[in-house]
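Notes follow once the structure below has been shown.
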């Protein structure tokens, strides 16, 4: 009996030792598994951040390139349209005849055709590639720009206090004023045709004092300057991303304006706004 009790004691001690050993081994195994899982999660997290970082860098490069391409297309179209309009306006005022008049008429017609063919495409591009990237809503501003006076400061009311100026709205103001110039030019050309192909004695200038052309030139300068700034702003966007993503990324504009961005854009607008003839002073001229 004594031997039996001794054996039972040994068995119980052995069982306790084995149970303790299994617990220790189980804890170690769980720790190893947990450590491995945590490592996998951390690795996946940093891989995801690296992928997001790379994608953002690619988007910035792509969008900056698109902005510059849009600027090149804009420059080519609006500058030729302005020069052709100025040339035919001058030809009418100075009563040019013969080959010089024919050349001015042809250049104007070609520029106007290109302008009409590409205006809507360019307007959509500026809205999508430029304005929407910064969360700029241009619908109200565009509607107002389409009714601009063209004899006064044309940027009034196109943006709210402290808000960025929509580039598409500026383009629409240019387009509106060019339409008015075209209508005035065509009126004088029809008057010449009705007068047997000679300039009538009572000639009316298409753009007296070149007021509308003056506003168009300043609007184009603002537009081109803003386009350059937006391309710079896209290129200068930070590549970093939050450690813990916050908010709904689908509802946030891809890019943001810094205080420096806003200051540079104001420098694009200031020369036109402060011009003693064409700036805000012109709003009280009538």
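Values in this text are rule-based calculations from the coordinates and carry no lab data. Just so we're clear, the structure is a prediction, and the values are computed from it rather than from any experiment. Here Cβ is always computed from backbone atoms with ideal geometry, including for glycine, and neighbour counts include all displayed protein chains.
Quick one: order 131, 90, 99 by neighbouring beta-carbon count within 10 Å, fewest to most.
Ascending Cβ contact count within 10 Å gives the list 99, 90, 131.
May I ask you to compute the full-extension gain from residue 156 to residue 128, defined as 0.36 nm times their residue separation minus their alpha-carbon distance, rounded to one decimal in nm?
Between residue 156 and residue 128, full extension yields an extra 7.8 nm.
Could you list 78, 96, 216 so that the one with the fewest beta carbons within 10 Å of its beta carbon is first and the one with the most is last?
Going from sparsest to densest Cβ surroundings: 96, 78, 216.
Determine, from the Cβ-Cβ distance of residue 198 and residue 277 and an R0 of 45 Å, the FRET efficiency 1/(1 + (r/R0)^6), rounded to the nearest 0.05.
E(calc), rounded to 0.05, equals 0.85.
Stick to the Cα atoms of segment 63-284, pair each with every other, and give me the Kirkwood hydrodynamic radius in Å at one decimal.
Every distinct Cα pair counted, the radius reaches 19.0 Å.
Measure out, as a whole number of angstrom, how far apart the alpha-carbon centroids of segment 161-207 and segment 74-111 sit.
Result: 12 Å between the Cα centres.
Quick one: if the Förster radius is 51 Å, what FRET efficiency do residue 110 and residue 163 give, using the C-beta to C-beta distance and rounding to 0.05?
FRET efficiency, residue 110 to residue 163: 0.85.
Neighbouring Cβ atoms within 10 Å as the yardstick, rank 227, 189 fewest first.
Fewest to most other Cβ atoms nearby, the residues stand as 189, 227.
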